[in-house]
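Read through the structure below, which is laid out as structure tokens, and then see the notes.
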Amino acid sequence: MIGWDSWKKGFDVWENATAKYLEAWMRSPLVLGPGGALLTAAMRSKTAVDGAMDSWWSAVGLPTRRDQERALHALNQMQSRLIDLEETLAEIRAQQKQQAATKA
Amino acid sequence: MTDAAKGERRWRNLLGMVKRPKPVVGATPADVVHRENKWSLLRYRARPEGVAFATPVLLVPSLINRHYVLDLQPGRSIAEALVARGHDVFIVDWGTPGPEDRHLSFDAITDGYLGRAIRVAAQHGGRGKTHVLGYCLGGTLAVVHAAVRPEHIASLTVLAAPVSFHDEGLLSLWTRSSTFDLGAMIDATGNVPWQLMQGAFQMLRPTLPLSKAAHVIDRAWDDEFLDGFFALEAWGNDNVSFPGEAYRRYIEGLYRADGLMKETFTLSGRPVLLRNIECPTLAVTFAHDNIVPEESAAPLIERISSTDKQRVHLPGGHVGAVISRKALATLWPTISAWWAAHDAEPQAKVEPKVEPEAKVEPKVEPKAKAKAKAKPERANAKAR
């Protein structure tokens, strides 16, 4: 137990010092700049490959993955608009009830 | 417990770790009262003696984390504790965005979905208003919404919610780095993969996995600690991707342009001005939060016009300080008391217009299915 406790104390000191060093290093433009460039290059490559696949797919008259996503998104938007209308109708009904009660 | 007994228990627990049952998370009984696209609004079932306050409470978690961080485990659940104190508690479960949600805009989420959640929760109370509590990004969404549409908000409570984005933190520097092409990333991935975001969070403390491992070995004798640790790890590894268009607006409008501080951000075409927030507001910041540093969350209280506003600064980190046993004993009773002080006299109780769509019973997934899915057992989500 004493051995473990001593090791743990030493580890905590090392971890704290290393974390501070690494955190400062990660924030350095020397890391952020190349990191961002690498990620961007990978993403542009993926977009180019996806675009080529989509072109081939749509050339034979089939809907691409993007087409399907757009259609599904439009359906989701319609669902939200319908719920908006339901809410508006419920409000109008409540107002009408209130007006009728006031008149009575 | 003696040192020898601790040592023996430690080794027994470490050796049995593989066979340790998966933690049951999100087990407080709740009903789904609204469902739209992938998100749903849950209402926790009231305590047997009923609700004690006229104003319900709506919890808004971050978009990229599961909601059950606020309902982690029985006996360690914020939702459970608030229900026990007599609050009528609602929570937004953002769900998992599908590939088509890459087109989902920040306005649709913050104005449309969050607005709906607030209205549904508000109509269940006696005031037509609800207390709104936002945690992390959920707090930012709540702040943006409250600045533009305050009608149904009785009070605003934000925990570690960033509003000022031009700090010297890694995330802020990374998103403003000239070589990081946001458009290229969203064009390629659609929704921003959670793995990418989790990687970025891990860069905030690169030694964290090692530190966690050493801490687990150190405390392996404590079964209660292990249960909490594994529940939290289950949550921490169960993230969701960020809808692409919403992410683009979030990074460009908030991180890069610092739109809330510079008053350039808009919601559905209306300017988001923090000075328009006049409702009672409580902001909680944490001293050791490396995800949302104090300087990122603290300016809210200075900028808003509310006369009734308060900032509480506590020790602890982004997650631990919110869900720890200490937080359950101190932070949450304080927040509950603050809500109680801002509660109104119950008026004619408005009957819920929206019937529960589904009842959610605590249920543990069958073992075989759970193994196949290799996911934490979320009682509510599985029952749904």
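The values are calculated or read from the model by the stated rules, or taken from the named source; none is laboratory data. A quick note: this is a predicted structure, and the numbers were derived from the prediction, not measured. Cβ sites come from the backbone with ideal geometry, for glycine too, and all protein chains shown count toward neighbours. Calculation scope for accessible area: heavy atoms of the full protein, side chains included, ligands and nucleic acids excluded. Shrake-Rupley method; radii C 1.70, N 1.55, O 1.52, S 1.80 Å.
Taking the three principal axes of the alpha carbon atoms in the stretch A:56-104, the coordinate ranges are 69, 12, 5 Å, sorted in descending order. Summing Cβ point charges (Lys, Arg +1; Asp, Glu -1) relative to the Cα centre of the protein assembly as shown gives a dipole of roughly 900 debye.
What figure, in Å² to the nearest 10, do you get for the accessible area of B:Glu151 with a 1.4 Å probe and non-protein molecules left out? Solvent-accessible area, nearest 10 Å²: 100 Å².
Ignoring ligands, DNA and RNA, what percent of the 1.4 Å accessible area of chain A is carbon and sulfur? Don't skip to the answer; put the middle values down first.
On the way: 5140 of 7780 Å².
Whole-percent figure for carbon plus sulfur exposure: 66.
For the residues B:His131, B:His103, a 1.4 Å probe over the protein chains yields an accessible-area ranking, largest first, of B:His103, B:His131.
Placing one identical point scatterer on every Cα of chain B and ignoring solvent, what is log10 I(q)/I(0) from the Debye formula at q = 0.07 Å⁻¹? Debye intensities relative to I(0), on a log10 scale: -0.31.
Using the Kirkwood radius built from alpha carbon pairs, what does the Stokes-Einstein equation give as D for the stretch B:74-142 at 20 °C and 1.002 mPa s, in µm² per second? Estimated via Stokes-Einstein, D reaches 156 µm²/s.
Rounded to two decimals, what is Rg over Rh for the protein assembly as shown when you use alpha-carbon atoms and the Kirkwood radius? Reported Rg/Rh, Kirkwood definition of Rh: 0.98. Using equal-weight Cα scatterers in the Debye expression, the normalised intensity of chain A in log10 at q = 0.18 Å⁻¹ is -1.00. By the helix-only formula, in which each DSSP H run with n ≥ 4 contributes -39500 (n - 2.57) and the sum is divided by residues, chain B has a 222 nm mean residue ellipticity of -10000 deg cm²/dmol.
Taking only protein heavy atoms into account and a 1.4 Å probe, give the accessible area per residue of the protein assembly as shown in Å².
Working: 22920 Å² over 488 residues.
Per-residue value: 47 Å².
Surface composition of chain B: carbon plus sulfur atoms contribute 55% of the solvent-accessible area (1.4 Å probe, protein chains only, all chains present). Note on A:Met43: accessible area is roughly 20 Å² with a 1.4 Å probe, heavy atoms of protein only. DSSP assigns beta bridges within the protein assembly as shown; of those with both partners inside it, close to 40 percent run antiparallel. Association of chains A and B removes close to 3500 square angstrom of accessible area from solvent, both sides included, for a probe radius of 1.4 Å. In the stretch B:61-141, a dipole from Cβ-located charges (positive for Lys and Arg, negative for Asp and Glu) runs towards its positive end, and of B:His103, B:Tyr68, B:Phe90 it is B:Phe90 whose Cα lies farthest in that direction. Normalised Debye scattering of the stretch B:1-145 at q = 0.10, 0.13, 0.19, 0.21 Å⁻¹ gives log10 I(q)/I(0) of -0.43, -0.64, -1.09, -1.28, counting only Cα atoms as equal scatterers and leaving out solvent.
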